[in-house]
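Shown next, in structure tokens, is the structure this report addresses.
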Amino acid sequence: MVQRFSSRAIAFARARRAARDWVDSYRPSGKPYPAICRQCGAAEWQGTWRWEPAPPDLPRVLCPACERIRDGAAAHVLELRGELPRWWQEVRGMIDTVERAEMAEHPLERVMPVTTHEDYVLVPTTGMHVARRIVAAIVRRFRRQVQVRFDDHCTTIEWL
Ligand SMILES: [Zn+2]
């Protein structure tokens, strides 16, 4: 018979958790879980954040996405520049559409408040996935009209 909660199994589970915490420092390490976010209502259940209704007695925490938004700490930033103004309304709509679709599946993938500056726009996100999907949507739509430069923390899209 397999002993599910052997000290070996528990050590492995802890190591997995520690590795995950290390990858994203905004995961609620050391906080109770399963848990529910008091801000947005997402629930952490079996290691993933979901929108499904959770048991009402879960501890109330702040999910990593809401924490990032509170701290203004983006996981990734899209910098849009160049001949963007003529397309901005359309691009803004695309960003909203992608965010809605991504967030429905992955509660931690969100677009933080967008800031428009003199000649560029910053679109910070709480996760890499939503950022990648926005870039992919823009490239699909504008193709050779844009030039994309990828960096660890920032992706620059320039309209030519
Ligand atoms: Zn939240």
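The values are calculated or read from the model by the stated rules, or taken from the named source; none is laboratory data. Treat the numbers as computed from the prediction; the structure is a model and nothing was measured. Here the Cβ is made from the backbone with ideal geometry for all residues, glycine too, and neighbour counts use every protein chain on show.
State which residue pairs qualify: first residue part of a loop (DSSP other than H, G, I, E, B) and inside the range 42-70, second residue aromatic (Phe, Trp, Tyr) and more than 11 Å from the ligand (Cβ to nearest atom) in any location, beta carbons under 7 Å apart, and separation of 6 or more residues or different chains.
54/45
Quick one: count up the residues across the range 96-155 that are buried (at least 18 other Cβ atoms within 10 Å of the Cβ) and part of a strand (DSSP E or B).
Within the range 96-155, residues that are buried (at least 18 other Cβ atoms within 10 Å of the Cβ) and part of a strand (DSSP E or B) number 7.
Can you confirm whether the range 39-53 contains a residue that is out of contact with any Leu (no Cβ under 9 Å at 6 or more places or on another chain), among the aromatic types (Phe, Trp, Tyr) and either surrounded by 19 or more Cβ atoms within 10 Å (Cβ to Cβ) or over 28 Å from residue 160 (Cβ atoms) (or both)?
Checked the range 39-53: at least one residue is out of contact with any Leu (no Cβ under 9 Å at 6 or more places or on another chain), among the aromatic types (Phe, Trp, Tyr) and either surrounded by 19 or more Cβ atoms within 10 Å (Cβ to Cβ) or over 28 Å from residue 160 (Cβ atoms) (or both).
Can you tell me which condition residue 53 does not meet? The list is (1) over 13 Å from the mean Cα position of the chain (by Cα); (2) away from the ligand (no atom under 16 Å from the Cβ), and all the others hold.
Of everything listed in (1) over 13 Å from the mean Cα position of the chain (by Cα); (2) away from the ligand (no atom under 16 Å from the Cβ), residue 53 misses just condition (2).
This table checks each residue for (1) at pLDDT 95 or above; (2) within 30 Å of residue 52 (Cα to Cα); (3) charged (D, E, K, R); (4) in the same structural domain as residue 90 (by TED's automatic domain parsing).
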site	(1), (2), (3), (4)
108	yes, yes, no, yes
112	yes, yes, no, yes
118	no, no, yes, yes
123	yes, yes, no, yes
134	yes, yes, no, yes
139	yes, no, no, yes
143	yes, no, yes, yes
148	yes, no, no, yes
153	no, no, no, yes
